[in-house]
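Q: Okay, handing you the structure first.
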Amino acid sequence: MKARRATIARQTAETDIQVTLDLDGSGAFNANTGVGFFDHMLHQIARHGLVDLDVAATGDLHIDDHHTVEDVGICIGQALREAAGDKRGIVRYGHAYVPLDEALSRVVIDLSGRPGLFFDASFSCEKIGSFDVELVREFFQGVASAAALTLHMDALKGHNAHHVAETLFKAFGRALRMAVSRDERSGDAMPSTKGSL
C-alpha cells in the first residue's frame, strides 16, 4: 500500500513554514506556530481526522497572526492534495456534525479537484483571547484553495466563540477522515464518472 504522506515547505518574506501530513496516521500532532489558540485548533484536525500532522511555522506575528494562519492553511492544503495522490479507491466525500455544548457545526467535503469554500459562521466576539475569529475562515480558504477541494462549513448553533470555532475544526477533521478513507467496495476505481479528479 502506497504511503499517503507529504511534506510541504513554504518560505516567503512573511512566513517560513514546513508541514508534514500523513493521511493514514493515528492522530499524532506536533505544532508550534506561535499562535496558541490556532495550535489548539490544528490539534483537533489531527485527533479527530486520525491524520498525523506536524507543523513548524514562524511568521511576522509582530504585525498580526494573519499571514501565519493563512499560510499554514495553504501548506496543509498542498500536503493534502499531494498525499491524496490521484484519489483512486477513496470515498471522496465526507461529512460530519459535531457538537460542543451549545454549539453545533456541519462540515461537508468533496475532494473534487475544484476549489471552493462556502462558509457560514458568525461569532459573538471579534477575538478568542488574542486570536482574530476572522482567521478561521482565512485558514480554511487556504486549505480549500490549495487542496482543490469543495468545502461547505456551517456553524448551525452556538454563542460561545471558542465552542463555535472548535466545532468547525473538529467537524473538518471528521469529514476529512471519511473523505480520504479507502472505499473497500470500489477497489482501485476512480470515484468519478469523468475518470479523473
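The values are calculated or read from the model by the stated rules, or taken from the named source; none is laboratory data. The model shown is predicted, which means the values in this text are computed figures rather than measured ones. We place every Cβ from the backbone using ideal geometry, glycine too, and count neighbours over all the protein chains shown.
Q: I'd like to know if segment 57-75 contains one or more residues that are assigned to a helix (DSSP H, G or I) and closer than 14 Å to THR167 by Cα. I'd like the intermediate steps shown before the answer.
A: Residues of segment 57-75 that are assigned to a helix (DSSP H, G or I), as a first pass: 66-75.
Of the ones still in play, those that are also closer than 14 Å to THR167 by Cα are none.
No; the residues of segment 57-75 include none that is assigned to a helix (DSSP H, G or I) and closer than 14 Å to THR167 by Cα.
Q: Report every pair of residues separated by at least 6 positions or lying on different chains whose Cβ atoms are under 6 Å apart, first residue within segment 73-100 and under 18 Å from ARG4 (Cα atoms), second in a loop (DSSP other than H, G, I, E, B) and basic (Lys, Arg).
A: Final answer for the pair search is ALA83/ARG4.
Q: Taking VAL143 as the residue in question, decide whether it is crowded, with 21+ Cβ neighbours inside 10 Å and over 24 Å from ASP22 (Cβ atoms). Can you show your working first?
A: On the way: crowded, with 21+ Cβ neighbours inside 10 Å: yes; over 24 Å from ASP22 (Cβ atoms): no.
Here the answer is no, as VAL143 does not meet what is asked.
Q: A further question follows. Quick one: which residue in LYS157, LYS127, LYS170 is surrounded by fewer than 17 Cβ atoms within 10 Å (Cβ to Cβ), basic (Lys, Arg), over 27 Å from THR193 (Cα atoms) and in contact with a strand residue (DSSP E or B) (Cβ under 6 Å, 6 or more places away or on another chain)? Before the answer, list the steps.
A: Numbers: LYS127 fails: in contact with a strand residue (DSSP E or B) (Cβ under 6 Å, 6 or more places away or on another chain); LYS170 fails: surrounded by fewer than 17 Cβ atoms within 10 Å (Cβ to Cβ).
Being surrounded by fewer than 17 Cβ atoms within 10 Å (Cβ to Cβ), basic (Lys, Arg), over 27 Å from THR193 (Cα atoms) and in contact with a strand residue (DSSP E or B) (Cβ under 6 Å, 6 or more places away or on another chain) holds for just one of LYS157, LYS127, LYS170, which is LYS157.
Q: While we're here: Just wondering, is there one or more residues in segment 118-134 that are in contact (Cβ under 8 Å) with a residue 24 or more places away in the chain and closer than 18 Å to ALA6 by Cα?
A: No, segment 118-134 contains no residue that is in contact (Cβ under 8 Å) with a residue 24 or more places away in the chain and closer than 18 Å to ALA6 by Cα.
Q: Which fully enclosed strands (runs of 3 or more DSSP E) of segment 1-50 have 1 or more residues being modelled with pLDDT under 95?
A: Values: elements: 5-11, 15-22, 29-32.
Result: 29-32.
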